[in-house]
Amino acid sequence: MKVSCLQENLQRALSQVSRAVATKTALPVLSNVLLSAEQGRLKIAATDLHIGTTPWFPAAIEEEGKVTVDARLLSEFVNTLPAEAVELTASRDRAVLKVRCGRTTAEINGTDAEDFPVMPTIADDAVMIEVDPGQLREMIAQVELAAAADDSRPVLAGVLTRIEGKKITMAAADGFRLAVREGELQSEGPERLEAIVPAKALRELARIVADQSEPVKIAITPMQSQLLAEAGQTEFLSSLIEGSFPDFRQIVPRDFSMRVEVDRDQLVGAVRRASYFARDNNDVIRLAVKNGEQEFDLGTLEISANAAERGNNQSVIDASVTGDSVQVAFNARYLADVLGVLRQQKVLLGLNGANQAGVVKPVGDDSYSHVIMPMVIGSN
């Protein structure tokens, strides 16, 4: 292999694959990146056998070939090079990568490229969907936060992704909250297809598509064991989680005895202030909703928290209230998380009493619902 490329392109590609490099593994080759010069481009690949990332970019190729070397060492070295052309050379009989940039050179010992796992790509005849990258990022952000943080129940550490024609639905739940987001595809998909994708893999995919403008192509392998995606000049893969996801549609309340419409920014500030006191009391914050005194008066939403050793806090904000007054307690972090991924100015809180799940969603937008279970508290 003999190839010349710009230092900034090489640095960007190495940074892009960094999260797919295995840090603790019994297979040393998984701590490496694969450099492959072919068809007028240089491809950089990394995988930990759960996710894999392969960006590629145009390069001046004098001789095709491939080699795999330590990812961290190569990345750290390239990061220190000036923004000039970098020449990469590897012979066919020795797994050594020679790096030259200006008057700086290095030789990095590697391993046989044939030992590196094969990275699958989307086949020409694969059942594939296309989705707008901006919508995909927003959907992932609004849903993955509700996935379980540990793998004790693997299904709950994933995000259910359901395709039905031109409709895509994502759902995640950890037993305390549930997030559901619907969106539209840019191409017709299968009549019905479901996959449970690890939440951490979707976070990485969202990061990859951040600067994309063209539709993201997504496919599921025939054995339904992997998700494959193409975003511009980057290919991505993730293993899928086996199992049955809970029927989330049975969990989302459809009707509410109390509907509260409130300014998102005001609610964010009130929740944040209450959370400083709540963190010493299991993150419990109370919401007390009151109707206006007169028929057309605005109601109020009081957000409060109390910690015996720290003190207490109350914030009152105006709200459009429909229904009977109610008090309920939620986990402050859960409420702050969902408010942080909403962009609309008005937020709807749907409540059914102190012991029933509450729903947070944008006013006038039924594509997203976030269900939060209440916290059981005393009467004082």
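The values are calculated or read from the model by the stated rules, or taken from the named source; none is laboratory data. The shown structure was predicted, so the numbers you read here are calculated from the model rather than taken from an experiment. Here Cβ is always computed from backbone atoms with ideal geometry, including for glycine, and neighbour counts include all displayed protein chains. For accessibility, only protein heavy atoms count, side chains too; no ligands or nucleic acids. Shrake-Rupley method; radii C 1.70, N 1.55, O 1.52, S 1.80 Å.
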Using alpha-carbon positions, the gyration tensor of segment 12-114 gives root eigenvalues a ≥ b ≥ c; with a/c under 1.5 called rounded, otherwise prolate if a/b exceeds b/c, else oblate, the class is rounded
Entries of K98/K200; K24/K200; K166/K346; K166/K217; K167/K217 with Cα pairs more than 23 Å apart: K98/K200; K166/K346
Under the rule a/c < 1.5 gives rounded, and otherwise a/b versus b/c splits prolate from oblate, where does segment 82-215 land using the Cα gyration tensor? prolate
Report, by chain and number, residues whose modeled amide H sits under 5 Å from the one on M258, excluding near sequence neighbours (fewer than 5 apart, same chain). L351
About its Cα centre, what dipole magnitude does the chain give when the only charges are +1 on Lys and Arg Cβ and -1 on Asp and Glu Cβ, stated in debye to the nearest 20? 800 debye
Among 89-100, 248-259, 141-152, how do they line up from the highest to the lowest mean number of other beta-carbon atoms within 10 Å? 141-152, 89-100, 248-259
Amide N of segment 1-38 lying under 18 Å from the label point, which is placed 7 angstrom from the Cα of N109 along Cα→Cβ: 27-33
Label point distance in nm, E64-R254, each placed 7 Å from Cα along Cα→Cβ: 5.8 nm
Given only helices, namely DSSP H runs of n ≥ 4 each adding -39500 (n - 2.57), what is the per-residue ellipticity at 222 nm of the chain, to the nearest 500 deg cm²/dmol? -5500 deg cm²/dmol
With label points set 7 Å from each Cα along the Cα-to-Cβ direction at S320 and R333, the distance between them in nm comes to 3.4 nm
Quantify, in whole percent, the carbon and sulfur part of the accessible surface of the chain (1.4 Å probe; protein heavy atoms only). 45 percent
Kindly provide the GluC sites (Glu not before Pro) of segment 176-285 that DSSP labels as loop, not H, G, I, E or B, and whose Cβ sees at most 14 other Cβ atoms within 10 Å. E188, E191, E242
For A59, enumerate residues with amide H under 5 Å from its amide H, sequence gap 5+ or separate chain, H modeled in the peptide plane. R41, L42
State, to one decimal in nm, how far the label point of R72 lies from the label point of N355, with both points 7 Å from Cα in the Cβ direction. 5.3 nm
For the chain, what class follows from the C-alpha gyration tensor (a ≥ b ≥ c being the square roots of its eigenvalues): rounded when a/c is under 1.5, otherwise prolate if a/b is larger than b/c, else oblate? prolate
Are there GluC sites (Glu not before Pro) in segment 76-141 that DSSP puts in a loop and that have at most 15 other Cβ atoms within 10 Å, and which ones? E84
